[in-house]
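Colleague: Right, I'll just put the structure down here and ask away after.
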Amino acid sequence: MQKPLLFEKPQGVRDFLPDTAANKRQLEREISHSFARWGYREIITPMFEYMDTFQTGIRGAEDRVFKFVDRSGRMMALRVDMTAPIARVVASLMKNWSLPIRLSYTANIFRQQDLVAGRDTEFTQAGVELIGDATPDADAEMLALAVSTLKEIGLEGFRLALGQVGFLQGMLEEHVAEESTRERLQNALADKDYVAFERIVETETEEPGSSVLLQIPRLRGGVEVLARAREMTGNRKAKDALQNLEDIWRILQIHGVTDYVQIDLSLWLGLNYYTGAIFEGYAPMMGFPICGGGRYDDLVEKFGRETPATGFIIGIERVMEILEKKGTFAPQQRYLLCYTQEDRETALKFAEYLRNRGIMVSAKLISEEEKLPAVEGSDSILVRQDSLETDDSRLQDLYLAFQNEGEESQ
């Protein structure tokens, strides 16, 4: 294996240069503020956990986790998901907290991925978890909060696909005998590989079930899809799931967000802890989901506290990529105040005057013969004791106010 060059970085990770880093932090702050307005409080968990923490929740966890062994011989893993660590905290450090508990986070996630465009091995997720509420109101709150947040940060044209784990489980139990076949069908839907789904149905299931299953990828649309689906099944689990979606839809109408939501009964996510309503968000100019989540009523119990839960995440880098293409982020104005030794006191005091007013300023000593330096991301300005060499009228006004303030204090 060829040794990497010193300036190379591993595949699947990114460097964020100053302007992009500023955009990322701004986006994270805006999303965090949106979550807080809905009553969610931030939680921070370790970047790595015992491997056991993640094995209950991630499909194919062994293949997707970055692992290492600590000095005691315990297998550790970099954070591959935030839901499992939060479930651990809720069942231990927060075991005496009254329910419901609303938590939010912004965290880097690490996953071994097939190195294709759009799938990084390190990425940032912002998300919420609502612990201790089993009602459809809680499920609807997740979608309503997702819509509210995405609108607030300036995203347009997005849609949320709403599904229900119980519907697919019930349909597959009704028509597919082999558990291994059911699992492969679920994996095909999770990968959005509808060709593979149809091939498995056609080759490994029998009529009349195969004809029914082949209709599942077409069960998308408004609330009318639920009536069509009811006619296709006699399975109690599937029917209960459809009723749950109908209840959620009614609450979404009260929230006023149904224009942003489409029912998709073929939706299946790649995490095996989901137990009820699930959803995934899509936007123009992005071929991968920008957000997603759902109900996971059994996960917290595995850590010792029996309680229902639901939540969702927003992919920071994917959303940021869309917003950058739209030109959503305004460039931040920065100044480099240049001065000679004779003008040092005036320049440094003026720099402090500007900083106190929220303006980003750096300063540099130059010689009389030296040209103004060109600094990436800043406007270079020469400061004299009695003048400011710039066409920036705003800065000229501030310099005049600075001079007047100095005269008044004398």
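Colleague: When we measure straight from the Cα of LYS9, which aspartates and glutamates land under 19 angstrom away, once same-chain ones fewer than 8 places off are left out?
Modeller: Within the straight-line limit of under 19 Å, LYS9 reaches these aspartates and glutamates: ASP114, ASP120, GLU122, GLU317.
Colleague: If you don't mind, there's one more thing I want to ask. With viscosity set to 0.692 mPa s at 37 °C, what whole-number translational diffusion coefficient in µm²/s follows for segment 191-280 from Stokes-Einstein and a Kirkwood radius over Cα pairs?
Modeller: Details: Rh = 14.4 Å.
After rounding, the answer is 228 µm²/s.
Colleague: Turning to a different aspect of this structure: Quote the convex hull volume per residue of segment 44-189, based on C-alpha atoms, as a whole number of Å³.
Modeller: Details: hull volume 25.5 nm³, N = 146.
Here the figure is 175 Å³ per residue.
Colleague: Using a Förster distance of 51 Å, how high is the FRET efficiency between GLN396 and ASP191, based on the Cβ-Cβ distance and rounded to 0.05?
Modeller: Numbers: r = 60 Å, r/R0 = 1.17.
According to the calculation, E is roughly 0.30.
Colleague: Where Lys and Arg each count +1 and Asp and Glu each count -1, what net charge lies around GLN396 among other residues with Cβ under 14 Å from its Cβ?
Modeller: Details: positive: ARG384, ARG394; negative: ASP379, ASP386, GLU389, ASP391, ASP392, ASP397.
Charge balance near GLN396 sits at -4.
Colleague: How about segment 239-324: which GluC sites (Glu not before Pro) there lie in a loop by DSSP and see at most 13 other Cβ atoms within 10 Å? Before the final figure, lay out each step's value.
Modeller: Numbers: sites: GLU246, GLU280, GLU301, GLU306, GLU317, GLU321, GLU324; in loops: GLU306.
Listed in order of number, the matching sites are GLU306.
Colleague: Quick check: convex hull over the Cα atoms of segment 146-235, volume per residue in Å³, rounded to an integer? Provide the component values of the computation, followed by the final result.
Modeller: Details: hull volume 10.3 nm³, N = 90.
Here the figure is 114 Å³ per residue.
Colleague: Only residues of segment 335-354 count here: report those whose backbone N is under 18 Å from the spot 7 Å along Cα→Cβ of ASP386, or say none.
Modeller: 340-347
Colleague: What is the P(r) of segment 18-326, as percent of Cα-Cα pairs per 10 Å bin from 0?
Modeller: Cα pair-distance distribution for segment 18-326, in percent: 6, 26, 35, 25, 7, 1.
Colleague: Hey, another quick one. Rounded to the nearest 5, what % of the DSSP beta bridges within the chain are antiparallel ones? Please list the in-between numbers first.
Modeller: Numbers: 43 of 58 bridges.
Once the DSSP bridges in the chain are tallied, antiparallel ones form about 75 percent.
Colleague: Quick check on my link table: of LYS24/LYS326; LYS24/LYS67; LYS67/LYS192; LYS95/LYS302; LYS151/LYS325, which ones sit more than 18 Å apart, alpha carbon to alpha carbon? Could the numbers behind the result be given before it?
Modeller: Numbers: LYS24/LYS326 15 Å; LYS24/LYS67 28 Å; LYS67/LYS192 28 Å; LYS95/LYS302 13 Å; LYS151/LYS325 16 Å.
From the list (LYS24/LYS326; LYS24/LYS67; LYS67/LYS192; LYS95/LYS302; LYS151/LYS325), the Cα-Cα distance tops 18 Å for LYS24/LYS67; LYS67/LYS192.
Colleague: Here's a follow-up. Would you work out the relative contact order for the chain, in percent, from Cα pairs under 8 angstrom that are 6 or more residues apart? Each step should come with its number before you reach the end.
Modeller: Working: 649 pairs, mean separation 69.4, N = 410.
Once normalised by length, the contact order is 17 percent.
Colleague: Add +1 for every Lys or Arg and -1 for every Asp or Glu among the other residues with Cβ under 15 Å from the Cβ of SER380, and state the total. Don't skip to the answer; put the middle values down first.
Modeller: On the way: positive: ARG334, LYS364, LYS371, ARG384; negative: ASP343, GLU370, GLU376, ASP379, GLU389, ASP391, ASP392.
Neighbour charge sum, excluding SER380 itself: -3.
Colleague: Here is a further query. Build a GNM of the chain with springs between Cα atoms under 10 Å: which of GLU231, GLU376, GLU30 gets the top mean-square fluctuation?
Modeller: Between GLU231, GLU376, GLU30, it is GLU376 that shows the largest mean-square fluctuation.
Colleague: Continuing with this model, one more query. Let me spell out the model: positive unit charges on the Cβ of Lys and Arg, negative unit charges on the Cβ of Asp and Glu, origin at the Cα centre of the chain. What dipole size does that give, in debye rounded to 20?
Modeller: 840
Colleague: Also: Looking at segment 107-258, what % of the alpha carbon pairs are farther apart than 19 Å? Each step should come with its number before you reach the end.
Modeller: On the way: 7354 of 11476 pairs.
Tail of the P(r) past 19 Å holds 64 percent of the pairs.
Colleague: Along the charge dipole of the chain, pointing to its positive end and built from +1/-1 on Cβ of Lys, Arg, Asp and Glu, which listed residue (THR83, LEU336, ALA126) has its Cα farthest out?
Modeller: THR83
Colleague: What full-extension length gain, to one decimal in nm, is calculated for TRP38 and ASN108 as 0.36 nm per residue of separation minus the Cα-Cα distance?
Modeller: On the way: separation 70, 0.36 × 70 = 25.20 nm, distance 2.28 nm.
Going from the current span to full extension adds 22.9 nm.
Colleague: Also, I was wondering about something else. Could you tell me which residue out of LEU398, PHE110, ILE200 lies farthest along the dipole of the chain toward its positive end? Charges go on the beta carbon: Lys and Arg +1, Asp and Glu -1, centred on the Cα centre.
Modeller: ILE200
Colleague: Additional query: Relative to the first principal axis of the alpha-carbon coordinates of the chain, what is the inclination of helix 393-409, with its axis defined by its Cα atoms, in degrees from 0 to 90 and to the nearest 10?
Modeller: 60
Colleague: Let me know the charge dipole size of segment 145-260 about its Cα centre in debye, to the nearest 20, where only the beta-carbon of Lys, Arg (+1) and Asp, Glu (-1) is charged.
Modeller: Working: 14 positive and 20 negative charges, 82 e Å.
Using Cβ point charges on Lys, Arg, Asp and Glu, segment 145-260 gives about 400 debye.
Colleague: Ok, one more. If I model a spin label at SER367 and TYR50 as a point 7 Å from the Cα along the Cα→Cβ vector, what separation in nanometres do I get?
Modeller: So the label points at SER367 and TYR50 sit 6.6 nm apart.
Colleague: Could you give the semi-axes, largest first, of the ellipsoid that matches segment 334-405, computed as the square roots of 5 times the alpha carbon gyration tensor eigenvalues and rounded to whole Å?
Modeller: Numbers: eigenvalues 60, 41, 24 Å².
Equivalent-ellipsoid dimensions as semi-axes: 17, 14, 11 Å.
Colleague: Given R₀ = 41 Å, FRET efficiency for ASP379-GLU306 by Cβ-Cβ distance, to 0.05? If you can, show how the numbers build up before the last one.
Modeller: Values: r = 60 Å, r/R0 = 1.47.
Efficiency, from the Cβ-Cβ distance: 0.10.
Colleague: Right, here's the next one. Give the calculated FRET efficiency between PHE68 and PHE288 to the nearest 0.05, with a Förster radius of 25 Å applied to their Cβ-Cβ distance.
Modeller: Details: r = 28 Å, r/R0 = 1.12.
For PHE68 and PHE288, the calculated efficiency is 0.35.
Colleague: I'd like the distance separating the alpha-carbon centroids of segment 95-157 and segment 384-405, in whole Å.
Modeller: Between the Cα centre of segment 95-157 and that of segment 384-405, the gap is 47 Å.
Colleague: While we're on this one: Work out Dmax and Rg for segment 14-95 from the C-alpha atoms and quote the Rg first, both in angstrom.
Modeller: 16.0, 44
Colleague: Here's another thing I want to ask about it. What does the extension gain come out to for THR135 and LYS325, with contour length at 0.36 nm per residue minus their alpha carbon separation? Spell out each step's value before the answer.
Modeller: Details: separation 190, 0.36 × 190 = 68.40 nm, distance 3.85 nm.
Using 0.36 nm per residue and subtracting the Cα-Cα distance, I get 64.5 nm.
Colleague: How large is the convex hull of the C-alpha atoms of segment 81-149 per residue, in Å³?
Modeller: Working: hull volume 8.0 nm³, N = 69.
With only Cα atoms used, segment 81-149 gives 116 Å³ per residue.
Where a number appears in this text, it was derived from the coordinates with a stated rule and is not lab data. Please read these numbers as outputs of a predicted model, since none were measured by experiment. Cβ: placed from backbone, ideal geometry, glycine included. Neighbour counts: every protein chain shown.
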